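**Q** Pasting in a structure now, in structure tokens, and then I'll have a few things to ask.
Since every read-out is calculated from the coordinates, none of them should be taken as a lab result. Just so it is clear, the structure is predicted and the values come from calculations on it, not from any experiment. Cβ atoms come from the backbone with ideal geometry, glycine included; neighbour counts cover every protein chain shown.
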Amino acid sequence: MKLFYYIVALLLLTSCSTARMTDTWVNKEYTNYQPKKVLIVGLTDNLIARKMFEEQLKTELINRGIDAVESYDVFKPTFTSLKQTEEDIEKEVKRISNQGFDAILISAVKGIDEKVSYSGDTYRRDYYWRRFGRYYYLVQDVYLIEGYYNEYEIYHIEASLYNLKENNDKSLVWVASYDIVDPKRINTTVTNYVTAIIKSLEEKRLINENYMP
């Protein structure tokens, strides 16, 4: 029985690893705005995750009638591997704008929180038991089961869409914040995150829900 509760707790923790949007904002000045050619930027030192993110988001945008390109096909390797000045960044923005890009969608990890979960919470949240014996039977797992407390991480990620045709404080079109709990598998995590971004962009009518070529 104790093993059963422990397995259930781990499954519940794993099931929370999808991307959950915590906040979003859209510029009201961009009514009926939809980008035509988007540069996708995954700002992370994990090259595998970056490549997967940019490729998956590119596919989703293309399926909705938007020309999308991965940043690693546009930026020079030194641009993302070295710290750039604001002047260097502006020069690069001008260069890609001259290539026909009218928007940039960038994603970046804003922070990571380390957490500790208590496995017993999943079945002790409601206090149905009123006898000491029943209570002790449940809580004894705390010191009898190794790893009863589980350490995990929450990634705080932000995605933003910028209009390259507006080189001012009004260039931000849309921004959303997401929490990803204890990502284990890169492929699953990226897919869930891309799905969440697409859903938000569709809800804000910044991209088409069902594109018919």
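**Q** Name the lysines eligible as straight-distance cross-link partners of Lys28: C-alpha to C-alpha under 30 Å, and not fewer than 8 places from it in the same chain.
**A** List returned: Lys36, Lys37, Lys58, Lys91, Lys94, Lys110, Lys165, Lys170, Lys199, Lys204.
**Q** Whole-Hz Karplus ³J(HN,Hα) for segment 50-63, in order, using 6.51 cos²θ - 1.76 cosθ + 1.60 and θ = phi - 60°, x for Gly and Pro?
**A** Once θ is set to phi - 60°, the couplings for segment 50-63 become 4, 5, 5, 4, 5, 5, 5, 5, 4, 4, 5, 6, 4, 5 Hz.
**Q** What is the spin-label model distance, in nm, from Ile154 to Thr78 if the labels are put 7 Å beyond Cα along the C-beta direction?
**A** 4.1
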